[in-house]
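Reviewing the structure listed below.
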Amino acid sequence: MKKRLFSFGLVFLMVASCFGCSKEKATEEVAKNEEVEIVPTTIEKSEYGNPITGFDASGKMIYGGDPAALVDGDTVYLYTGHDTASNESYKIPEWQCYSTKDMKNWKYEGVVLKAKDISWADDNSAWAGQVFKYNDKYYFYTCSWANTDEGKQSIGVAVSDSPLGPFTDIGQPLVKGSFTTDETSTWNDIDPTVWVETDANGVEHRYLAWGNGKLYMCELNEDMTSVKDIDSDGQIIFGKDVISQKTPNSYTEAPWLYRRKDENGKYYGDYYLFYAYGWREQLAYATCDDLMSGNWKFGGVIMVPTATSDTNHPSVIDFNGKTYFIYHNGSLPKGSGYRRVVCVEELVFDDDGKVPYITETATGINGETWTITSLNGDKLTHIKYENSSSDGSYPYLGVKLGSDFKNAADADSLWQITPGKADKNNDNYVSIESYNKPGMYVTAAGKDCNLSQDSTGSASKSQTFITIEGLAGEGISFESVKFKGKYLAIVDGKATLVDGTGDKNDCTFVIE
């Protein structure tokens, strides 16, 4: 490694000479200023973590939310919309897919269906959907603004012989928005989810649920592309064949049906409805023992609003003996509720079947965390705060960063160290991301450092540091990429930038 040597007495020497100061006095002042020896070095970084999507086949960053996962044999397929909005409005022209065989290494599989290929749909409203495998065919249940139905959102379905498509739409909505006559908005009919199982009497049931503000439920015929006529009277009637259910507490949208399995793969216990709760959207769940009755019992809120997105959307799957909770946030640069990305946490049910609180994390199921403590014993910590339900509180910028904050939790002192955002191929570059506030990074802001989201996509340099051998002769120091010659430090409990000529213990850290 090359060493960079900076003499902070050199400038004084030059000035002293210009003004006729004595050589002896200048030499004395130089001696008081030690050289800061800069030796770039590398440290361990988290190779895996959240988000699990956010890239295309070439590695280029792309956005996409409303996750829906499908387990098919030894593979998980993950479907999302493709967010292409440049401003604060939805623009989602297509659905894309990722796959994995180990929940760690994800492959971008490309676009599987475009909204423009659905004859009745708006070209830029590829909203939330779910793919379900049935009798060796794959059924993609979608929702879109319907050009043929008073401009209302409607539920559709497209069919394929492969989980990767191409999917072919059936040519008309499966459920038109105008059919659900108790509508309170033109977007009540969104976010379809499917559940199929055989009951104790050997009768197979194929359930479809959906809705924003309203929760609708029906059964499907064996063709999976038409609504079942429950009493065989030759008519599909709203209120009989399609039920508007009493919604659980603060139900907003994004329903996902799920049921647990025993060690033999047999379903047991209550049905779970995971859903988006309130606004900004939290995630919650409810349970019932019969899907069509809709007698939902509220289970509780399990995830607060994310630090970077106003919406959220759950997907829950079992794979290789574990249960996974999949959701979205806006943790990529310039991310928001209109430019989303998918994350995952492991879900472990309590012994009584209750769903415990799930923390949104930067590490997910495979990442690593570290603590960063100065040689003076100050542990790098962000101030404790709860993500707000008020849109006006976002984006979070300039969050206090330092040490010894009153009431700070242990998790507020955990960090994921990632390849540097300014140049991920430079081994000496790192970025420091909050463990429990994903998308929030240690940010150099002139004299000070804070915790901020890169809400404009322009903070890569201010959120990247060069790792160098500790200025105190041990440990690690972090030089700002944006402010060269300035080092992350904790002084009097506050995160700041220093020039390295003071107490070097302030800007030298032990990473554990």
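The values are calculated or read from the model by the stated rules, or taken from the named source; none is laboratory data. Since the structure is predicted, the reported quantities are computational estimates derived from the model, not experimental observations. Quick reminder, even Gly has a Cβ in these numbers, built from the backbone with ideal geometry, and neighbours come from all protein chains shown.
Specify the residue that is farthest from the chain's Cα centre (by Cα); the eligible residues are those in segment 176-190 that are of a type outside the set (Lys, Arg) and closer than 16 Å to residue 125 by Cβ. Filtering segment 176-190 for residues that are of a type outside the set (Lys, Arg) and closer than 16 Å to residue 125 by Cβ, the one farthest from the chain's Cα centre (by Cα) comes out as 177.
Take the residues in segment 101-114 that are crowded, with 17+ Cβ neighbours inside 10 Å and under 19 Å from the mean Cα position of the chain (by Cα), then tell me which one is nearest to residue 165 (Cα to Cα). Applying the filter and picking the extreme gives 108.
Of the strands (runs of 3 or more DSSP E) lying entirely inside segment 153-233, those containing at least 3 residues that are closer than 24 Å to residue 290 by Cβ and in the same structural domain as residue 268 (by TED's automatic domain parsing) are 193-198, 204-210, 215-219. Quick check: anything in segment 83-92 of a type outside the set (A, V, I, L, M) and in a strand (DSSP E or B)? The answer is yes, given that some residue of segment 83-92 is of a type outside the set (A, V, I, L, M) and in a strand (DSSP E or B).
So, restricting to strands (runs of 3 or more DSSP E) that lie completely within segment 247-289, which ones have at least 3 residues that are at pLDDT 95 or above and touching a Leu at 6+ places or on another chain (Cβ under 7 Å)? So the answer is 251-261, 267-277. Within segment 435-452, the set of residues being surrounded by 24 or more Cβ atoms within 10 Å (Cβ to Cβ) and either in contact (Cβ under 8 Å) with a residue 40 or more places away in the chain or β-branched (Val, Ile, Thr) (or both) comprises 435, 437, 438, 439, 440, 442, 443, 444, 449, 451. For residues that are β-branched (Val, Ile, Thr) and farther than 27 Å from residue 177 by Cα, scanning just segment 191-204, find the one that is farthest from the chain's Cα centre (by Cα). Filtering segment 191-204 for residues that are β-branched (Val, Ile, Thr) and farther than 27 Å from residue 177 by Cα, the one farthest from the chain's Cα centre (by Cα) comes out as 203.
Answer yes or no: is there a residue in segment 100-122 that is under 21 Å from residue 314 (Cα atoms) and of a type in the set (Gly, Ala, Ser). No, segment 100-122 contains no residue that is under 21 Å from residue 314 (Cα atoms) and of a type in the set (Gly, Ala, Ser). Residue 57 falls short of the stated requirement of being of a type in the set (A, V, I, L, M), touching a His at 6+ places or on another chain (Cβ under 8 Å), in a loop (DSSP other than H, G, I, E, B) and over 20 Å from residue 366 (Cβ atoms).
Return yes when residue 116 is outside any strand (DSSP E or B) and more than 24 Å from residue 322 (Cα to Cα) and no when it is not. Spelling it out, residue 116 is indeed outside any strand (DSSP E or B) and more than 24 Å from residue 322 (Cα to Cα).
Restricting to segment 386-433, and then to whatever is among the hydrophobic types (A, V, I, L, M, F, W, C) and outside any strand (DSSP E or B), can you tell me which residue is nearest to residue 281 (Cα to Cα)? Ranking the qualifying residues of segment 386-433, first place goes to 397.
Against the criterion of being surrounded by 14 or more Cβ atoms within 10 Å (Cβ to Cβ), touching a helix residue (DSSP H, G or I) at 6+ places or on another chain (Cβ under 6 Å) and not aliphatic (A, V, I, L, M), residue 93 qualifies. Listed by first and then second residue, the pairs with beta-carbon distance under 9 Å, at least 6 apart or on different chains, first residue in segment 288-299 and surrounded by fewer than 19 Cβ atoms within 10 Å (Cβ to Cβ), second aromatic (Phe, Trp, Tyr), are 288/271; 288/272; 288/296; 289/271; 290/271; 292/207; 298/285. Given the structure, is residue 337 modelled with pLDDT of 95 or more, surrounded by fewer than 18 Cβ atoms within 10 Å (Cβ to Cβ), farther than 17 Å from residue 272 by Cα and out of contact with any Phe, Trp or Tyr (no Cβ under 7 Å at 6 or more places or on another chain)? The answer is no for residue 337. For segment 312-335, indicate whether the set of residues that are under 21 Å from the mean Cα position of the chain (by Cα), assigned to a loop (DSSP other than H, G, I, E, B) and among the hydroxyl-bearing types (Ser, Thr, Tyr) is non-empty. Looking through segment 312-335, at least one residue is under 21 Å from the mean Cα position of the chain (by Cα), assigned to a loop (DSSP other than H, G, I, E, B) and among the hydroxyl-bearing types (Ser, Thr, Tyr).
Within segment 373-426, restricting attention to residues that are farther than 24 Å from residue 447 by Cα and polar (S, T, N, Q), which residue is surrounded by the most Cβ atoms within 10 Å (Cβ to Cβ)? Per the criteria, the residue is 387.
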